[in-house]
1. Go through the stretch 21-65 and count every residue that is under 30 Å from R80 (Cα atoms) and of a type outside the set (A, V, I, L, M).
2. Restrict the check to the stretch 126-139 and report whether at least one residue is at pLDDT below 85, under 12 Å from the mean Cα position of the chain (by Cα) and not aromatic (F, W, Y).
3. Pick from Q56, Q7, Q85: which is within 15 Å of M151 (Cβ to Cβ), surrounded by fewer than 18 Cβ atoms within 10 Å (Cβ to Cβ) and either modelled with pLDDT of 90 or more or of a type outside the set (D, E, K, R) (or both)?
4. Are any residues in the stretch 11-24 surrounded by 13 or more Cβ atoms within 10 Å (Cβ to Cβ) and within 17 Å of the chain's Cα centre (by Cα), and if so, which ones?
5. Could you grab the pairs with beta carbons closer than 6 Å, sequence gap of 6+ or different chains, first residue in the stretch 20-39 and modelled with pLDDT of 90 or more, second one aromatic (F, W, Y) and buried (at least 19 other Cβ atoms within 10 Å of the Cβ)?
6. Can you name the residue in the stretch 48-67 that is hydroxyl-bearing (S, T, Y) and not in a loop (DSSP other than H, G, I, E, B) and, of all such residues, is nearest to Y32 (Cα to Cα)?
Amino acid sequence: MTFVEKQVLALRVVFMNIRYIFLAIAIFLSLYLPLIIVTEFLFLDPYMFFYVPAYQLPNFISIVIISALTGLVLSMSVYRIKFLQASTKKLRSGLLGSFLGAGAGACCGGVGIALISIFGAVGSTATTFLTNFEIPIRLLSIGILAFTYLMIVKDLNRECNLNFDVKEK
């Protein structure tokens, strides 16, 4: 089987159960909504208004990708924990990678900047750093989440004993 077919088969195994689809959507929304509110893409007062300026499009796209990958990776990790009863040593990489990836992506937005600005001059320096390197940090976050996803698919392949080898006729 090709690389893509292996990915589709692993996703099909996990998301056969509708609970994991809902879990992935819930994780996506719980990360996506606060980030777009804090980064001021979604305004709630005096009425609800959504606006993404053209110069902020890379930031918005990175928020969507990070939120989606986090939902995907965490729901797949929960599947491994619940149904495969994998040991905690095997699960560290999946959970750690998803928390690192989501945390790195979220720290660049208004949440990280608001928290760091409390600390005065040191916070000002950190805020400047986060603002200047927002896109590279988010790209690193996407890379961490993508690597974690690939490791989870590899582990599912091994743990579920999915036979990806198809003999051609």
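1. Summing the residues that are under 30 Å from R80 (Cα atoms) and of a type outside the set (A, V, I, L, M) in the stretch 21-65 gives 6.
2. yes
3. Working: Q56 fails: within 15 Å of M151 (Cβ to Cβ); Q85 fails: within 15 Å of M151 (Cβ to Cβ).
Every option except Q7 fails the conditions.
4. Listed by number, the residues that qualify are L11, V14, F15, Y20, I21, L23, A24.
5. Y20/Y79
6. Narrowing the stretch 48-67 to residues hydroxyl-bearing (S, T, Y): 51, 55, 62, 67.
Filter once more, keeping what is not in a loop (DSSP other than H, G, I, E, B): 55, 62, 67.
Working: Y55: 19, S62: 10, S67: 6 Å.
The residue in question is S67.
The values are calculated or read from the model by the stated rules, or taken from the named source; none is laboratory data. Predicted model, so just to flag it, every value in this text is computed and none were measured. Heads up, the Cβs are rebuilt from the backbone with ideal geometry, glycines too, and the neighbour counts pull from every protein chain shown.
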